[in-house]
Amino acid sequence: MEFRLSDEQRAIVQTVRELTQNEFRQCSLKYMDGKFPWENIRKLADIGVLGMAVPQEYGGLGLPVLDTALVLEEIAKGCYVTAMAVLGEVGVQTRIIATYAPASIKQRLLPGVCKGECILAVCMTEPHAGTDVGNYTTNTEIRSGRLVLNGTKTLISRAEEASAFVVFTRLDGRPGREGIGCVLVERGTPGLAVTGTFHTMGGENLHEVRFDNCELPPENLIIRDDGFKRLLTAFNTQRCLNPSISLGLAEGAFDESVRYLRSRRAFGQLIGDFQGMRWKLSDMYVTIETARSMLYRACASARPFPDPVLAAAAKMYCNEMSLRVTSEAVQIHGGYGFTDEFPVSRFYRGARYGSLGGGTTETLRDLIGQRLMNELDDSSGIYGFSIGGLSNACQ
């Protein structure tokens with residue numbers, strides 16, 4: 001089995017790495033107060049990163065999920081807030097528009113996404129329902145060809161900067177998961193209001209968004225039928241991109257730990273010469289590489305969306321691995337690791353988000369268990385053994 005990256009993949013990763021390490025890493029502290037990293041976003045737009053999920057006919061690169069994950073991983077090594085901002089442009093909201101929206105909406109929004117001029121937000125979580133999609137109360141009534149949206153979404157990223165909101169909503173009050181659809185609400189629509197701000201421990205701001213009798217044209221009904229199924233399918237991609245940030249945070253914390261162990265002295269020698277410290281590095285490295293293999297395999301299974309179990313397993317493992325590795329990085333740095341001046345504290349805070357967004361680890365464990373009970377292949381005994389992510393090269 002071949003797991004080498006293509007020349008094109010290596011080139012874009014190296015370009016993003018140089019930009020991240022030379023510029024983003026040095027200024028990451030200034031984005032901890034909730035400021036949106038516009039400067040970094042524009043630089044990434046200039047090299048085509050924001051168009052990775054946009055089809056070529058709309059000005060994008062149309063790259064596979066793996067390529068997108070590689071880039072997010074590299075950005076996260078330098079600045080968590082920037083990685084999360086980019087996730088909004090290459091993640092589920094862009095892919096839903098690119099896959100399901102009518103051509104008129106694609107033409108209106110997607111070229112701006114590529115240029116960094118159109119920021120997108122996805123609205124799912126409600127004050128009393130997050131993972132429990134079947135109990136969403138936000139509702140879109142279809143009246144004489146017009147759409148009327150009412151409800152409240154919360155903990156929404158990029159709401160203050162967004163040009164458009166991809167909103168998962170109930171349609172005509174239909175109950176349960178089967179009643180879920182998706183509409184597009186553009187900035188300036190009467191009745192749309194960003195009404196609250198929550199500052200996160202990772203540094204970015206999240207917001208409450210209200211829709212009060214927002215009237216929308218019929219073309220803004222992006223998903224009408226099988227909304228919940230399509231939502232989950234699209235989110236399999238998000239479950240590969242979220243953990244790519246977790247992986248990058250762990251790698252960034254690992255790199256900082258190696259630098260520190262090479263420079264800090266105690267008891268007359270480098271602390272990296274102590275066996276206990278070397279063992280920490282060894283354990284960190286092994287879990288990082290295990291997570292990388294799981295994630296890349298899940299990404300490579302995309303046709304065009306990744307396999308749900310491989311994506312869930314990769315997300316769960318990467319999220320939890322990142323917490324362990326970044327915590328060890330803080331421990332290695334001692335008291336310095338607890339200060340804002342050392343990057344490992346920011347890596348640790350950013351890592352805490354991974355297991356909350358895009359499906360909690362508890363939900364994913366249950367999902368994986370259900371799928372294994374129902375779909376284990378008796379002939380091979382291994383779920384997904386014949387899936388493309390294992391049988392094909394990463395390229």
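The values are calculated or read from the model by the stated rules, or taken from the named source; none is laboratory data. Keep in mind that what you see is a predicted model, and the values were worked out from it rather than measured. Every residue, glycine among them, receives a Cβ derived from its backbone with ideal geometry; neighbour counts consider all protein chains shown.
If residue 184 passes every condition in (1) in contact with a helix residue (DSSP H, G or I) (Cβ under 6 Å, 6 or more places away or on another chain); (2) over 15 Å from residue 167 (Cα atoms); (3) modelled with pLDDT of 95 or more but one, which one does it miss?
Every condition holds for residue 184 apart from (2).
Considering the stretch 164-175 alone, what residues qualify as being surrounded by fewer than 17 Cβ atoms within 10 Å (Cβ to Cβ) and either under 21 Å from the mean Cα position of the chain (by Cα) or not charged (D, E, K, R) (or both)? Reasoning before the result, please.
Step one: filter the stretch 164-175 for residues surrounded by fewer than 17 Cβ atoms within 10 Å (Cβ to Cβ), giving 172-175.
Residues satisfying the conditions are 173, 175.
With respect to the numbered conditions (1) within 30 Å of residue 290 (Cβ to Cβ); (2) touching a strand residue (DSSP E or B) at 6+ places or on another chain (Cβ under 8 Å); (3) not hydroxyl-bearing (Ser, Thr, Tyr), which one is the sole condition not fulfilled by residue 199?
Against the list (1) within 30 Å of residue 290 (Cβ to Cβ); (2) touching a strand residue (DSSP E or B) at 6+ places or on another chain (Cβ under 8 Å); (3) not hydroxyl-bearing (Ser, Thr, Tyr), residue 199 comes up short only on (1).
Please go through the stretch 100-126 and give me each residue that is in a loop (DSSP other than H, G, I, E, B), within 30 Å of residue 361 (Cβ to Cβ) and either in contact with a helix residue (DSSP H, G or I) (Cβ under 6 Å, 6 or more places away or on another chain) or in contact (Cβ under 8 Å) with a residue 40 or more places away in the chain (or both), ordered by number. First the steps, then the outcome.
Kept after step one, since they are in a loop (DSSP other than H, G, I, E, B), are these residues of the stretch 100-126: 101-102, 116-119, 124-125.
Of the ones still in play, those that are also within 30 Å of residue 361 (Cβ to Cβ) are 119, 124-125.
Selection gives 119, 124.
I want to confirm something. Restricting to the stretch 342-361 and keeping residues that are in contact with a helix residue (DSSP H, G or I) (Cβ under 8 Å, 6 or more places away or on another chain) and without any contact (Cβ under 8 Å) to a residue 40 or more places away in the chain, which single residue is farthest from residue 75 (Cα to Cα)?
355
Please pick out the residue among 178, 186, 208 that is farther than 13 Å from residue 121 by Cβ and either surrounded by 15 or more Cβ atoms within 10 Å (Cβ to Cβ) or not assigned by TED's automatic domain parsing to the domain that holds residue 83 (or both).
178
For the stretch 1-83, which helices (runs of 4 or more DSSP H) that fit wholly inside it have 2 or more residues that are of a type outside the set (Phe, Trp, Tyr) and in contact with a Ser or Thr (Cβ under 9 Å, 6 or more places away or on another chain)? Spell out the reasoning first.
On the way: elements: 7-19, 38-46, 65-76.
Answer list for the stretch 1-83: 38-46, 65-76.
Just to be sure before I move on: is residue 151 outside any helix (DSSP H, G or I) and without any contact (Cβ under 8 Å) to a residue 60 or more places away in the chain in the structure I sent? Show your work before the answer.
Values: outside any helix (DSSP H, G or I): yes; without any contact (Cβ under 8 Å) to a residue 60 or more places away in the chain: no.
So residue 151 does not fit the description; no.
Does residue 240 satisfy the criteria of being at pLDDT 95 or above and under 20 Å from residue 96 (Cβ atoms)?
Values: at pLDDT 95 or above: no; under 20 Å from residue 96 (Cβ atoms): yes.
Taking the combined requirement at face value, the residue does not satisfy it.
Can you tell me which residues in the stretch 316-334 are surrounded by fewer than 24 Cβ atoms within 10 Å (Cβ to Cβ) and hydroxyl-bearing (Ser, Thr, Tyr)?
Matches in the stretch 316-334: 317, 327.
Condition first: over 26 Å from residue 344 (Cβ atoms) and either of a type outside the set (D, E, K, R) or in the same structural domain as residue 102 (by TED's automatic domain parsing) (or both). Can you find one or more residues in the stretch 12-24 that meet it?
Filtering the stretch 12-24 down to residues over 26 Å from residue 344 (Cβ atoms) leaves 12.
From what is left, the residues that are either of a type outside the set (D, E, K, R) or in the same structural domain as residue 102 (by TED's automatic domain parsing) (or both) are 12.
Looking through the stretch 12-24, at least one residue is over 26 Å from residue 344 (Cβ atoms) and either of a type outside the set (D, E, K, R) or in the same structural domain as residue 102 (by TED's automatic domain parsing) (or both).
Given (1) surrounded by fewer than 22 Cβ atoms within 10 Å (Cβ to Cβ); (2) among the aliphatic types (A, V, I, L, M); (3) closer than 21 Å to residue 32 by Cα, identify the lone condition not met by residue 247.
Result: residue 247 passes all but (1).
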